[in-house]
Number of protein chains: 2
Amino acid sequence: MEFNLDNIDLAILEKMQANARISNADLARELSMAPSAILERVKKLEQKDVIRRYTTAINPAAIQQKLLAFIFLRSSEGFTCCSDTAAQLAAIPEVQEVHHIAGEDCYLVKVRTTDASSLMSLMRSKMQKIPNIASTKTTIVLETVKEQPDLVIPKT
Amino acid sequence: MEFNLDNIDLAILEKMQANARISNADLARELSMAPSAILERVKKLEQKDVIRRYTTAINPAAIQQKLLAFIFLRSSEGFTCCSDTAAQLAAIPEVQEVHHIAGEDCYLVKVRTTDASSLMSLMRSKMQKIPNIASTKTTIVLETVKEQPDLVIPKT
DNA sequence: TGCATAAGCAGAATTTTATTCTGTCGATTT
DNA sequence: AAATCGACAGAATAAAATTCTGCTTATGCA
């Protein structure tokens, strides 16, 4: 289950985090190693689930996703046992993140929609229909100052 | 400034969002087009800032980032004009996102640290030293159910 | 301690890609 | 109608990915 990352692994992660499409050859050059050795490591990192996926950050405005909001949900599931409220939220495409947070059955949900009205209709048509949702509190983002999917790579 | 995306562009975005390291040749095959044509489009998407960056999603636990928290900050900048509070927050490596939200000078900040104590010391050492920060309210994430940097690609 | 095994790497060979260039076709402009 | 532009295919070339072989050094184990 565990997996120890050495400095070379960390350097690879750092460079790939900054640019997932860096060529293996470039990686090898920058780290002064053979491409075959780097490839071996990258594949191992993928296999060990250190690397989860490679993704492309798209400008939300370019695809009409101009509104970003965070929604706090309170679920009223008395004894409904661990309902799948979270799973139902996660199934909504516009929902980007679902976090279970401290506090009585609370979720923090990040949503992107075209505009305010589409958020409203989304909430009415999908979110409110999920059982056990007692209350919601929505926070609209006016401006995003920083948005980095980057993690802090420990530099040993 | 504007840029119209046709169905081919959207298909490209969708596939690259799912896997930023897909080869241009594969893309071309899947869309039944010549690699040169696809390459042209991808470069244009990059240039037009539709594609922002290619990034690698790393398992946070693998690099000792086990704690995720959202912090609400209230800035008390009376007439300090638009201070650079946000910029100072953004400069902290552990801070992943900074959003300016509705409400009197409020920010929503997403932070990842090793554990609770490191979050505490981070707040004491860095965040509290930022001028004009009046109050903070921290929400600890117990479990992340969904975490997709994916945007909903409109399917015309 | 000493042998056996496995991990990590370099280097070369081979298969695929990326990239560039040229020319076609159709739509738009003038 | 001629000129121009955009989008694309196809071919040629440069570069990269991938695989394989062995070498070297840890690591394990008897």
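The values are calculated or read from the model by the stated rules, or taken from the named source; none is laboratory data. Keep in mind the model is a prediction, meaning the values are calculated, not measured. Reconstructed Cβ throughout: ideal geometry from the backbone, glycine too, with neighbour counts over all protein chains shown.
Some points to look at:
- Top-ranked residue of region B:34-43 - restricted to ones that are crowded, with 16+ Cβ neighbours inside 10 Å and more than 16 Å from A:THR55 (Cα to Cα), ranked as farthest from DNA strand D (Cβ to nearest atom): B:ILE38
- Test result for A:GLU104, at pLDDT below 95 and acidic (Asp, Glu): yes
- Here B:ALA20 meets each of (1) in a strand (DSSP E or B); (2) within 7 Å of another protein chain (Cβ to nearest Cβ); (3) not β-branched (Val, Ile, Thr) with one exception, condition (1).
- Members of region B:1-10 that are more than 10 Å from DNA strand D (Cβ to nearest atom) and surrounded by 17 or more Cβ atoms within 10 Å (Cβ to Cβ): B:LEU5
- Residues satisfying the stated conditions in region A:1-33, i.e. within 11 Å of DNA strand C (Cβ to nearest atom), on the phi < 0 side of the Ramachandran plot and of a type in the set (S, T, N, Q): A:ASN4, A:ASN7, A:SER23, A:ASN24
- Taking the conditions (1) more than 18 Å from B:ILE133 (Cβ to Cβ); (2) out of contact with any Leu (no Cβ under 6 Å at 6 or more places or on another chain) in turn, B:ASP115 satisfies each one other than (2).
- Condition check for B:ALA90: more than 16 Å from DNA strand C (Cβ to nearest atom), within 12 Å of chain A (Cβ to nearest Cβ) and in contact (Cβ under 8 Å) with a residue 12 or more places away in the chain: no
- Scan of region B:24-36 for residues that are under 29 Å from the mean Cα position of the chain (by Cα) and part of a helix (DSSP H, G or I), ordered by number: B:ASN24, B:ALA25, B:ASP26, B:LEU27, B:ALA28, B:GLU30
- Test: B:VAL111 is more than 16 Å from DNA strand C (Cβ to nearest atom), modelled with pLDDT of 95 or more, of a type in the set (A, V, I, L, M) and surrounded by 15 or more Cβ atoms within 10 Å (Cβ to Cβ): yes
- Taking the criterion of being more than 15 Å from A:ASP49 (Cα to Cα), under 25 Å from the mean Cα position of the chain (by Cα) and not basic (Lys, Arg), the residues of region A:1-23 that qualify are A:ALA11, A:GLU14, A:ALA18, A:ASN19, A:ALA20, A:ILE22, A:SER23.
- Just one residue in the set A:ASP26, A:ASP49 is without any contact (Cβ under 8 Å) to a residue 24 or more places away in the chain and within 11 Å of DNA strand D (Cβ to nearest atom); that residue is A:ASP26.
- Which numbered condition A:GLU46 fails, given (1) assigned to a helix (DSSP H, G or I); (2) buried (at least 16 other Cβ atoms within 10 Å of the Cβ): (2)
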